[in-house]
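The values are calculated or read from the model by the stated rules, or taken from the named source; none is laboratory data. All values reported here derive from a predicted model rather than from experimental measurement. Cβ coordinates were reconstructed from backbone atoms using ideal geometry, including for glycine residues, and neighbour counts include every protein chain displayed.
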Amino acid sequence: MSDAEAGPPDGVRRAWSELEGGFEIEPGTTGLLHQTYRVNASGGSRFVLQRVSDVFSSAIQQNIAAVTRHLAARGFGTFELVETNEGDLFRDLGSDGRWRLLTRLDGVSFDRLDSSRQARSAGALVGRFHAALDDFDASLAPMGIPFRETALYRERLVDAMARHGNHDRFADVAVLRERIEAGFAHLGAPPETRDRVIHADLKISNVLFADASGPARDEAVALIDFDTLMRFPLHGEWGDAWRSWCNRRGEDEREAVFDLDVFSASIEGFVEGFDRPIERAERDSLLEATERLALELATRYATDALNESYFAWDQARFERAAEHNLVRAEGQLSLFEAAQRGRSDRAEILEAVFPDAV
């Protein structure tokens, strides 16, 4: 029996009164960092139980609690952290890990978008999320890991190359780094715009839709996975979303295809959901959002092609992590180039949907 099938340790079961009356448990989706279970408690209550990765600071639970309370007060549907019997946001079991219990939302997730209708609805949901947090003024604690720190990622690639000069894929990574650095040089310094509270991990699987089929398949209803809540410019939010939503080939292919219809529909939806003006500089920063995130991810994948220590990899398709990460890095560079080719079209779309940017 696997650890997932065996279930969580007894200390978890005793931590929440919601679990004391009996419950059924099954493994949830497999992620890179957390161990996740779906819980059906007696009386019909449903939860998500997670062993939170040690790479995160325990302070992310305070971030999640503060933001979800604010969202709920503004009428934005969200999950909530369930306090332990002692009133804590998580239970630390030492060598058995840190655990949290969350209310479970209705909805289904997908690995990729199927239509512009889905993109528009998801964009509107993101807009409502940002509108609800526009007046959130509480501080957010660091999450415990470097995130959206592009300069640091570039330094780590240089360090990996210095330490792994004998790696059999070193030459491939060296070529990738030249292309990556050429891309950053072309973009220049990041734009200076205001920080907002962002989700920071808007891959499409973190958007829940109402149902798996029929018209409800196109209705985005909730966002999940708030571990990466942070203050950052809006281009960081949308860059991460578009590299997931607009790449029709996915992240495990060398060649990317940028879907302009998805881009257009998603930002039109955002404008509808956000329903307030933004500054011209902020609008303009969205033009290069995808390019910056693609180069950032290419840097991280190229680094792990040498380190082979961070990203999970597909053992059915690839012989080892280095091979998979090289394909991922090449795919992100291809996405960067595809987005560059469509820049003028995207500029026209952004000007049309934000006519009142000042």
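Before moving on, here are some points about what is shown:
- Single match in R179, R196, R217 (criterion: assigned to a helix (DSSP H, G or I), closer than 30 Å to E80 by Cβ and in the same structural domain as Q340 (by TED's automatic domain parsing)): R217
- Identity of the residue in segment 135-168, of a type in the set (D, E) and exposed (fewer than 12 other Cβ atoms within 10 Å of the Cβ), that ends up farthest from H235 (Cα to Cα): D168
- Being free of Cβ contacts under 8 Å to residues at least 40 places away in the same chain and surrounded by fewer than 19 Cβ atoms within 10 Å (Cβ to Cβ) is true of A316.
- The condition of being under 21 Å from the mean Cα position of the chain (by Cα) and closer than 22 Å to L350 by Cα holds for only one of F209, F232, that being F232.
- The one condition in (1) surrounded by 15 or more Cβ atoms within 10 Å (Cβ to Cβ); (2) out of contact with any helix residue (DSSP H, G or I) (no Cβ under 7 Å at 6 or more places or on another chain); (3) farther than 24 Å from D135 by Cβ that F311 fails to fulfil: (2)
- Scan of segment 227-258 for residues that are charged (D, E, K, R) and either surrounded by fewer than 21 Cβ atoms within 10 Å (Cβ to Cβ) or not assigned by TED's automatic domain parsing to the domain that holds E291 (or both), ordered by number: R231, R248, R249, E251, D252, E253, R254, E255
- Residues in segment 323-358 that are among the polar types (S, T, N, Q), farther than 16 Å from R177 by Cα and either surrounded by 14 or more Cβ atoms within 10 Å (Cβ to Cβ) or not assigned by TED's automatic domain parsing to the domain that holds V271 (or both): Q340 only.
- Residue match in segment 184-194 (condition: surrounded by 11 or more Cβ atoms within 10 Å (Cβ to Cβ) and either in contact with a Phe, Trp or Tyr (Cβ under 6 Å, 6 or more places away or on another chain) or more than 19 Å from L293 (Cα to Cα) (or both)): no
- Residues (aliphatic (A, V, I, L, M) and surrounded by 16 or more Cβ atoms within 10 Å (Cβ to Cβ)) located in segment 66-103: A66, V67, L71, L81, V82, L89, L93, L101, L102
- Segment 1-25, residues that are modelled with pLDDT under 80, assigned to a loop (DSSP other than H, G, I, E, B) and either of a type in the set (A, V, I, L, M) or in contact with a helix residue (DSSP H, G or I) (Cβ under 7 Å, 6 or more places away or on another chain) (or both): M1
- In segment 104-134, the residues that are crowded, with 18+ Cβ neighbours inside 10 Å and among the small types (G, A, S): G107, S116, A119, S121, A122, G123, A124, G127, A132
Conditions (1) without any contact (Cβ under 8 Å) to a residue 40 or more places away in the chain; (2) under 23 Å from N206 (Cα atoms); (3) part of a helix (DSSP H, G or I), marked per residue:
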| residue | (1), (2), (3) |
| --- | --- |
| D227 | no, yes, no |
| A241 | no, yes, yes |
| D252 | no, yes, no |
| E282 | no, no, yes |
| V327 | no, no, yes |
| S334 | no, no, yes |
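- Some residue of segment 95-107 being closer than 17 Å to F232 by Cβ, in a loop (DSSP other than H, G, I, E, B) and among the small types (G, A, S): no
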